[in-house]
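Worksheet: one structure, shown below.
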Amino acid sequence: AVLRLLTWDVKDTLLRLRQPVGESYAAEARAHGVQVQPEALSRSFQEAYGAQSRRFPNYGRGQGLSSQQWWVDVVKQSFRLSGVNEDGALTLIAEKLYRDFCSAHNWEVLPGAGETLSHCCQRGFRMGVISNFDNRLENILSQCNLRHHFEFVLTSEDVGFAKPDRRIFEKALHLSGVLPEQAAHVGDSYTQDYRAARAVGMHSFLLRTAGQSEEPEVPPEHLLPTLFHLLALIEKG
């Protein structure tokens, strides 16, 4: 079947953080007179984010939390686990960070992403986003000048399912009215992107950034050393 639709993961596929989370959090804390080590914050963030994701999946959708409240709680908990307990300051820091992570201030476009998306649009592919992100994603993509490439942006907060759940992929196929075998997904996670898309019958390509562990089951013609390799692989297939 001829490919008609390309769906894209965002974080670490099209956009990446300009600096580690701990660095951004520590810098914002310093602006409020609070000193914390970035490394400690990075570790605490992983713990707080993991616990919150298990307790309130999909950014609290369906459990009465807004994604803003979800994130403010994660940020505050990250600081508490790092030994900071000034609640007034923490609320200000957390709300400021929520706004900052909504913009190009903290995100940058990966090398080759803009050009590759433009080329794919020029070739006539229909395009969409499938991301385990909250509803700030539309705005972030707009600010990073990528939103115009996509017909739709599906986030796990909007849909209520997160990759690798097949239902978020099925929603994309339904929205665009294409069959799974006419669609391919591009992402950097073996489990959430590559394998999950294949499980619904889509094609998929795995962006293999330097230093990632090898996934034995991925044939070389599905691996992208960089986004620039995508069109050549599609045309070979």
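Of everything in the range 1-19, what is out of contact with any Leu (no Cβ under 9 Å at 6 or more places or on another chain) and open to solvent by less than 80 Å² (accessible area, probe 1.4 Å)? Give them in sequence order.
Correct list: LEU3, LEU17, GLN19.
Does LEU231 fit the bill of being modelled with pLDDT of 80 or more and part of a strand (DSSP E or B)? Show your work before the answer.
On the way: modelled with pLDDT of 80 or more: yes; part of a strand (DSSP E or B): no.
So LEU231 does not fit the description; no.
Any residue in the range 15-30 that is in a loop (DSSP other than H, G, I, E, B) sitting within a Cβ distance under 7 Å of a residue that is open to solvent by less than 80 Å² (accessible area, probe 1.4 Å)? List the pairs, counting only those 6 or more apart or interchain.
ARG18/ASN106; ARG18/TRP107; ARG18/GLU108; PRO20/PRO38; PRO20/SER42
Tell me whether the range 211-220 contains one or more residues that are buried (at least 20 other Cβ atoms within 10 Å of the Cβ) and over 23 Å from ALA1 (Cβ atoms).
The answer is no, given that none of the residues of the range 211-220 is buried (at least 20 other Cβ atoms within 10 Å of the Cβ) and over 23 Å from ALA1 (Cβ atoms).
Restricting to the range 33-82, give me the number of residues that are open to solvent by 70 Å² or more (accessible area, probe 1.4 Å), under 21 Å from LEU92 (Cα atoms) and outside any helix (DSSP H, G or I).
Qualifying residue count for the region: 2.
Looking at the range 196-207, I want the residues that are under 19 Å from GLU235 (Cα atoms) and free of Cβ contacts under 8 Å to residues at least 24 places away in the same chain and have a partner that is part of a strand (DSSP E or B) and open to solvent by 20 Å² or more (accessible area, probe 1.4 Å) with Cβ atoms under 8 Å, at least 6 apart or on another chain. Which pairs are those?
LEU206/LEU223
Would you mind telling me which numbered condition in (1) open to solvent by less than 20 Å² (accessible area, probe 1.4 Å); (2) over 30 Å from ILE234 (Cβ atoms); (3) at pLDDT below 95; (4) more than 16 Å from the chain's Cα centre (by Cα) ALA94 fails?
Failing condition for ALA94: (3).
Of the numbered conditions (1) open to solvent by 70 Å² or more (accessible area, probe 1.4 Å); (2) at pLDDT 95 or above, ASN85 fails exactly one; give the number of that condition.
With respect to (1) open to solvent by 70 Å² or more (accessible area, probe 1.4 Å); (2) at pLDDT 95 or above, ASN85 is out only on (2).
Could you check the range 106-208 for helices (runs of 4 or more DSSP H) lying wholly inside it with 2 or more residues that are under 22 Å from GLY60 (Cα atoms) and open to solvent by less than 50 Å² (accessible area, probe 1.4 Å)?
By residue number, 137-143, 156-159, 166-176.
Among the hydroxyl-bearing types (Ser, Thr, Tyr) and over 21 Å from VAL200 (Cβ atoms): which single residue out of SER103, SER176, SER156, SER131 fits that description?
Numbers: SER176 fails: over 21 Å from VAL200 (Cβ atoms); SER156 fails: over 21 Å from VAL200 (Cβ atoms); SER131 fails: over 21 Å from VAL200 (Cβ atoms).
On inspection, the qualifying residue turns out to be SER103.
Pairs needed: first member in the range 176-191, in contact (Cβ under 8 Å) with a residue 24 or more places away in the chain; second member anywhere, open to solvent by 30 Å² or more (accessible area, probe 1.4 Å) and among the hydroxyl-bearing types (Ser, Thr, Tyr); C-beta distance under 8 Å; at least 6 residues apart or different chains.
Qualifying pairs under 8 Å: ASP188/THR209.
Would you check which residues across the range 106-128 are small (Gly, Ala, Ser), on the phi < 0 side of the Ramachandran plot and over 17 Å from the mean Cα position of the chain (by Cα) and list them? So that I can check it myself, show each step before the final result.
Start the filter on the range 106-128 by keeping residues that are small (Gly, Ala, Ser), which leaves 112-114, 118, 124, 128.
Those still in the list that are on the phi < 0 side of the Ramachandran plot too: 113-114, 118, 128.
SER118 - this is the single residue of the range 106-128 that is small (Gly, Ala, Ser), on the phi < 0 side of the Ramachandran plot and over 17 Å from the mean Cα position of the chain (by Cα).
So which residues in the range 108-144 are among the acidic types (Asp, Glu) and in contact (Cβ under 8 Å) with a residue 60 or more places away in the chain?
Selection gives GLU108, GLU115, ASP134.
The values are calculated or read from the model by the stated rules, or taken from the named source; none is laboratory data. Keep in mind it's a predicted model, so treat the numbers as computed, not measured. In this analysis, Cβ positions are derived from the backbone assuming ideal geometry, glycine residues included, and neighbour counts consider all displayed protein chains. Note: accessible area is taken over every heavy atom of the protein model, side chains too, but ligands, DNA and RNA are not part of it. Shrake-Rupley method; radii C 1.70, N 1.55, O 1.52, S 1.80 Å.
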